[in-house]
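Structure, as structure tokens:
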Amino acid sequence: MDPQKLSALLWNERELLEFLAFKLDEHHLLLTTGRSRWIKFATTEIDQATQRLRAAGLARDLAVSTLAESWGLADAPSLRQIIAGAPAGPWAEIFSSHLEALTALTDEIQKLRDANEVLLREAVQSTEAAIAARKSAEPSSNHPGPAAEPGESPRTAGRTV
């Protein structure tokens, strides 16, 4: 396996992580501004980005296994192990750069995800409180008003029609 192919796959994965970070940031902005109308679209786009990342991860895993075999490394090594086992030349530095960027993006995504989760929980609690307040303000259905006499409809009970 050509290390250049793995590097290209890692660049692609970095771009997908950047896109996911953007979509999570967009989701965060929608949540903080109360623009709930667009949340379902943002959530769908986040799901699509996550699916694309999974596919990219599978392609990367295959490339890593093939490269590990050609470099004489253990099967399915981590990127750190590839860096440690890289032959003389630029590849250790190139893969280190990828690892650093992937780690930073992953940290950013986790922070955005956690912040969005807090906002979503707060929105659910606020909605539940509003529903409960509305229900307690509505007249109880246990007191429907005057009883209907035989032959009267419940709508006209106790009224002169």
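Computed from the coordinates by the stated procedures, all read-outs in this text should not be read as laboratory data. A quick note: this is a predicted structure, and the numbers were derived from the prediction, not measured. So basically every Cβ, Gly included, is an ideal-geometry build from the backbone, and we count neighbours across all protein chains shown.
Below is a table of values for the structure above.
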item: Descending principal axes extents, the stretch 1-75, alpha-carbon based, whole Å; result: 54, 16, 15
item: Loop-located trypsin sites (Lys or Arg not before Pro) in the stretch 17-53 whose Cβ has at most 13 other Cβ within 10 Å (DSSP); result: Arg35
item: Whichever lysines have a C-alpha closer than 28 Å to that of Lys135, once near sequence neighbours (fewer than 8 apart) are set aside; result: Lys40
item: Förster-model FRET efficiency, 45 Å R0, Arg37 and Ala59, C-beta, rounded to 0.05; result: 0.80
item: Answer label, with semi-axes √(5λ) of the Cα gyration tensor in Å calculated from the coordinates and candidates (i) 29, 16, 14; (ii) 62, 16, 12; (iii) 31, 19, 12; result: (ii)
item: Net charge dipole size for the stretch 1-73 [Lys, Arg +1 and Asp, Glu -1 on Cβ; Debye, nearest 20]; result: 320
item: Linear extension gain, Trp71 paired with Ala133, 0.36 nm per residue minus alpha-carbon span; result: 15.7 nm
item: Cα-based helix-to-principal-axis angle, 91-137 vs the chain, degrees rounded to 10; result: 10
item: Top of Glu122, Glu13, Glu45 by mean-square fluctuation, Gaussian network on the chain, Cα under 10 Å; result: Glu122
item: Helical mean residue ellipticity (222 nm; -39500 (n - 2.57) per DSSP H run of 4+; nearest 500) of the chain; result: -26500 deg cm²/dmol
item: Nearest 10 degrees, 0 to 90: helix 3-33 Cα axis against the chain principal axis; result: 20
